[in-house]
Amino acid sequence: MTLPLLLAATPPAPAPLLRPQAVEALPGKLDSVLLINDNNPELISGPGILLSTFPKVPGQNPSAHLDLPLNGRFDLFSHHVYAGKPESLDSTLWLAVLAEPRGDQPVNLSLLAGSTALSQATDASQPQAPFLPLPALMRQDGATYSGPGSRVATELLLRQRNALLPNRWTLAPGQISTLVLLPLPVRGLDPLLNGRNLQLRLQSDGPLSLASVAAFGEAEQPPSAEALQALLRSGLMSPKEHEPTPRGASGRMVYSRVSGVQVGSTWSGTITDPKRSCLSASRAPISWPIASLERGRLGTGQVQTAELKAFYPGTAWAAHGNYGVAYDISIPLCNRSKAPVTLQLALESPLKSDQAIGGLRFQAKPGSAVMFRGSVEVSGLDGSSGSRPSRQSFHLVQRSGQQGPSLGSISLAPGGERQLRVRLIYPADATPPQVLSLLPEAIEAPVKQSPAPPASLQP
């Protein structure tokens, strides 16, 4: 008798709101730069190879290495968490990136940009970024972030250098070199859980193999170079997690996490009217997806997800989320009307959908789940001056179904023009998709919609 009464007293979830507007595919495309995407397992449960592009070794585990040479420009995105060992709850796991030339010549490897951070540091020399409860919008002062993914993406976006990362390595032929060796400690943490994000923008002058491995040292000492090399040569894999839904299958969607090499590190595009050199301000309200993916195309039919050139069995088959990918979007905006106009620019987190519904769906009160923690850089907002508009940076914390907030205004006189540029690096711990929106100052209020069916499992 009691249970039905309790159920009856539970208020129904509020219906989502529909904001009528245009939603169009984002112009541009991903470049062809290879990006090593090392995110499966996210929670490391044992030592071993996380990802290796080294050649396969006869008589060894054939699944241990992807056998993919790297040469010239390529990037690394690595994101993992560690929760200690049952028999040693205060242990430290070490993450190493190893490399070796493919051939009999030395290879010079340069770091063009890079950053790394822990969720929580137990050593003052290690950069950290706890998950702070920040406001929805803050001016980015260069040190505003929540979570390691937010910090790393922010530092890369703002062109900051990380003192822990060398600028250059010379790799000797026939020798495995350790590029970086970084701790993931849990001693003294409550709960016993820590995460690390690492992103590197790299340039080599010759072909090489690269691998990331997880290893334990002795007590608090890091593992030796010899131990790391032996682990890589052993073919032992760190256990994977989250089996994906096969491509094209119907029903519930499990995206899984990525362990592979994707094609595409930067999405560049220019937004204009069809066959015109600028975007008319009269097109607002209008939005374009950021990190649209399978079953999350927002009615545009566009999947921005990077395809994988090589990946491990039982992991994601595409780079759902485009984590670590830079977005660089130009909007030459013009006012062809005879009246002045003011628009607002926003990055938003509408409710995920796939089909066209005449607009975007939001929640009257955004959900508790954080969908985006990261920074956005904008040029061309009101207040900019000179021939080269000044850059303004913001840190956003967006929850499920959250509109706005406005990043700033763009005021145009009749016949006026303004060059906008929006840059971001899609951060770890975000859940796609988001939208980039141009909105008039007075926009039609969203209207209530029937509740949507349950969303697919997020990546």
* **Filter result (in contact (Cβ under 8 Å) with a residue 60 or more places away in the chain and within 20 Å of the chain's Cα centre (by Cα)) within the stretch 112-130** => 112, 113, 114, 115, 116, 117, 118, 119, 120
* To do: State the number of residues belonging to the stretch 362-376 that are surrounded by fewer than 20 Cβ atoms within 10 Å (Cβ to Cβ), touching a residue at least 60 places away in the same chain (Cβ under 8 Å) and in contact with a Ser or Thr (Cβ under 7 Å, 6 or more places away or on another chain).
  => 1
* Asked: Hey, among 252, 247, 297, 257, which residue is buried (at least 21 other Cβ atoms within 10 Å of the Cβ), under 30 Å from residue 80 (Cβ atoms) and not assigned by TED's automatic domain parsing to the domain that holds residue 366?
  -> 257
* Asked: Does residue 319 qualify as being in contact (Cβ under 8 Å) with a residue 12 or more places away in the chain, among the hydrophobic types (A, V, I, L, M, F, W, C), loosely packed, with under 15 Cβ neighbours inside 10 Å and in the same structural domain as residue 374 (by TED's automatic domain parsing)?
  -> no
* Asked: Looking at the stretch 185-222, which of its residues are surrounded by 20 or more Cβ atoms within 10 Å (Cβ to Cβ) and within 12 Å of residue 92 (Cα to Cα)?
  -> 185, 186, 194, 195, 214, 215
* To do: Return yes or no: is residue 309 out of contact with any strand residue (DSSP E or B) (no Cβ under 9 Å at 6 or more places or on another chain), surrounded by fewer than 21 Cβ atoms within 10 Å (Cβ to Cβ) and not small (Gly, Ala, Ser)?
  => no
* **Filter result for residue 142 (in contact with a Lys or Arg (Cβ under 8 Å, 6 or more places away or on another chain), outside the structural domain of residue 193 (by TED's automatic domain parsing) and over 30 Å from residue 172 (Cα atoms))** => no
* Structure fact -> Exactly one of 277, 256, 212, 282 is in a strand (DSSP E or B) and of a type outside the set (Asp, Glu), and that residue is 212
* To do: From 46, 28, 84, 59, grab the single residue that is exposed (fewer than 15 other Cβ atoms within 10 Å of the Cβ), in contact (Cβ under 8 Å) with a residue 40 or more places away in the chain and not hydrophobic (A, V, I, L, M, F, W, C).
  => 46
* Asked: Of the residues 164, 179, which single one is under 22 Å from residue 228 (Cα atoms), surrounded by 14 or more Cβ atoms within 10 Å (Cβ to Cβ) and at pLDDT below 95?
  -> 164
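The values are calculated or read from the model by the stated rules, or taken from the named source; none is laboratory data. Every value quoted in this text rests on a predicted model; they were computed, and no experiment measured them. Here the Cβ is made from the backbone with ideal geometry for all residues, glycine too, and neighbour counts use every protein chain on show.
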